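A short write-up of the structure that comes next.
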């Protein structure tokens, strides 16, 4: 697959979880909707991945060491300003650890920040100007064929706050044990909120780890979470999945490192599985037809794309596609173009009603994505259909200069 690169200037990509800030010349946590809350401070002599594979970012985020000079983080943690990576458990403890400048920064081409809301494709990679210190080591990537299982024990780590944004304690590395809830939409993985344990401001971009046998793996990069006035950060967390985005991660690593296999401990990039595409039509006149029933054991919700080529009639009276889900939600679309259907409860029926007097053209259902759990603090969790905006270089990178 051809990889496209773009250089962007003048835009600080620090939304979705908020803007970076600084206090008293120290890096502050990004202004998050989401800290490691009710967790424990990581000891200097710890040998787990929460200590030897978790790092702080000068912009006020967290990252994960995945190669000798590569850091995995969130796209909203990438800035067009100079960045560095801090290798110590207390970001403010001068005279200890190592600080290494960031040489290059890339993020997913489909990442589109929208205010402070959690948005898909929130993943990025940083290349360091030199290799990591000897006291740190890369953690393995969770293989694409072995994603997290609902109910599986995980460990969240980060340098974030402990109650809410501005509540203090940012800059100290903490970790907490938690539980994986299930698959979110767009390749996201959701960690449950149990007794307010989990992430908060400053943990963005940081890891969720899982142990399989004797080996630790990184399973996600933190995208966001939720908070309330009563409790502050509500714990849990929404991550961009490593298994789900492994092909992109390996391609980004190849681009930044110039190596065919930048992650010796990781499997080679698998060829992407072609998404299922359903094609229908042309249709005869006065035809009402059930095109598809979308339902799968892979998840109780579904997102998909509808592409149609029909005549446009007032109020979509006919020549239209009707979408009906198990919750009783119904939407009609007609005309020429593509629309994205989001958050419909399965089973979902896709029905076409043609012109009573003329033949009709074609309908295509594609990009079918089943999932179990809504991401915390998404802009909208209700079912909806919106016109699709074409994406340039959908599987490539954008690079911050």
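Since every read-out is calculated from the coordinates, none of them should be taken as a lab result. This structure is a prediction, so every number in the text was calculated from the model and none was measured. Counting neighbours? That spans all protein chains shown, and the Cβs are built from the backbone with ideal geometry, glycine included.
Please list, short to long, the whole-number percent of alpha-carbon pairs of region 69-133 in consecutive 10 angstrom bins beginning at zero.
In order of increasing distance, the bins hold 20, 43, 28, 9 percent.
Say each of residue 362 and residue 92 gets a label point 7 Å from the Cα, pointing the same way as Cα to Cβ; how far apart are those two points in nm?
Rounded to a tenth, the inter-label distance reads 6.2 nm.
Taking the Cα-to-Cβ direction at residue 254 and at residue 345 and moving 7 Å from each Cα, how far apart do the two end points lie in nm?
Going from the residue 254 label point to the residue 345 one covers 4.3 nm.
Could you calculate the contour length gain from residue 99 to residue 315, that is, 0.36 nm times the residue separation minus the distance between their Cα atoms, to one decimal place in nm?
Here the answer is 71.7 nm.
With labels modelled as points extended 7 Å from the Cα through the Cβ direction, what inter-label distance (nm, one decimal) is found for residue 46 paired with residue 300?
3.4 nm
Sorted by average packing, counted as other Cβ atoms within 10 angstrom per residue and highest first, what order do 69-81, 309-321, 276-288 take?
Highest-to-lowest ranking by the protection proxy: 69-81, 309-321, 276-288.
If packing is taken as the mean number of other Cβ atoms within 10 Å per residue, what is the order of 171-181, 101-111, highest first?
Top of the packing list down: 171-181, 101-111.
Assuming 0.36 nm per residue, please report the length gained on full extension of the stretch residue 179 to residue 135 beyond their Cα-Cα distance.
Value of the extension gain: 13.0 nm.
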